[in-house]
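The values are calculated or read from the model by the stated rules, or taken from the named source; none is laboratory data. Predicted model only: the values in this text are computed from it and were never measured. Note that we place each Cβ from the backbone using ideal geometry, even for glycine, and neighbour counts take in every protein chain shown.
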Amino acid sequence: MKRIYTNPKTNKQHDYVQSENITETYDNPYGEAKPVAIIPIIGRPNGPVIQTFTTGKEMKKNVTIDIILKPNKRTLANGRLAVKGFLSGVGLISTNSESFNPITGAYSINIEWTS
């Protein structure tokens, strides 16, 4: 897996990232899951009616990156710069959130793509 603190253009380590954690999560990666409707029917002894559909369920990719910046490099701009070359996905961005703590140097970004 590509490392955050390695600049993809020069393949050299960024001098401002102390540590990193990268998590990639895939939901329905092969498009095999189908949507299901569960319809409760009051008094039906066999339970709810379960209906499937022929359409496919959307596919999602979620990437969460947590880094700790070195003490002399703790700025939001450096956090964004460190992860810039890593984030890519196919589809529409459905979630994009980030957080930064200038005291601890903790920077986190979470992006989800839907296709």
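Quick check on segment 56-77. Is at least one of its residues among the β-branched types (Val, Ile, Thr), out of contact with any strand residue (DSSP E or B) (no Cβ under 9 Å at 6 or more places or on another chain), without any contact (Cβ under 8 Å) to a residue 40 or more places away in the chain and outside any helix (DSSP H, G or I)? Can you show your working first?
Of the residues in segment 56-77, the ones among the β-branched types (Val, Ile, Thr) are 63-65, 67-68, 75.
Retained after the next criterion (residues that are out of contact with any strand residue (DSSP E or B) (no Cβ under 9 Å at 6 or more places or on another chain)): none.
No, segment 56-77 contains no residue that is among the β-branched types (Val, Ile, Thr), out of contact with any strand residue (DSSP E or B) (no Cβ under 9 Å at 6 or more places or on another chain), without any contact (Cβ under 8 Å) to a residue 40 or more places away in the chain and outside any helix (DSSP H, G or I).
If you scan segment 23-43, which residues turn out to be surrounded by 11 or more Cβ atoms within 10 Å (Cβ to Cβ) and either of a type outside the set (Ser, Thr, Tyr) or more than 12 Å from LYS60 (Cα to Cα) (or both)? Give the derivation first.
Here is the first cut: in segment 23-43, the residues surrounded by 11 or more Cβ atoms within 10 Å (Cβ to Cβ) are 24-25, 27-29, 31, 33-35.
Hits for segment 23-43 are GLU24, ASP27, ASN28, PRO29, GLY31, ALA33, LYS34, PRO35.
With the requirement that a residue be modelled with pLDDT of 85 or more, surrounded by fewer than 18 Cβ atoms within 10 Å (Cβ to Cβ), touching a Ser or Thr at 6+ places or on another chain (Cβ under 6 Å) and farther than 24 Å from ASP15 by Cβ, what does segment 56-115 give you?
Once the filter is applied, which keeps residues that are modelled with pLDDT of 85 or more, surrounded by fewer than 18 Cβ atoms within 10 Å (Cβ to Cβ), touching a Ser or Thr at 6+ places or on another chain (Cβ under 6 Å) and farther than 24 Å from ASP15 by Cβ, segment 56-115 yields GLU58, ASN62, LEU92, SER94, ASN110, THR114.
Filter segment 35-51 down to the residues that are part of a strand (DSSP E or B), β-branched (Val, Ile, Thr) and over 28 Å from the mean Cα position of the chain (by Cα), then identify the one that is nearest to GLN18 (Cα to Cα). Before you say what the answer is, go through the steps one by one.
Of all residues in segment 35-51, those part of a strand (DSSP E or B) come to 36-39, 49-51.
Then drop every residue that is not β-branched (Val, Ile, Thr), which leaves 36, 38-39, 49-50.
Next, from what is left, pick out any that are over 28 Å from the mean Cα position of the chain (by Cα): 38-39, 49-50.
Details: ILE38: 48, ILE39: 51, VAL49: 54, ILE50: 51 Å.
Checked segment 35-51; the qualifying residue nearest to GLN18 (Cα to Cα) is ILE38.
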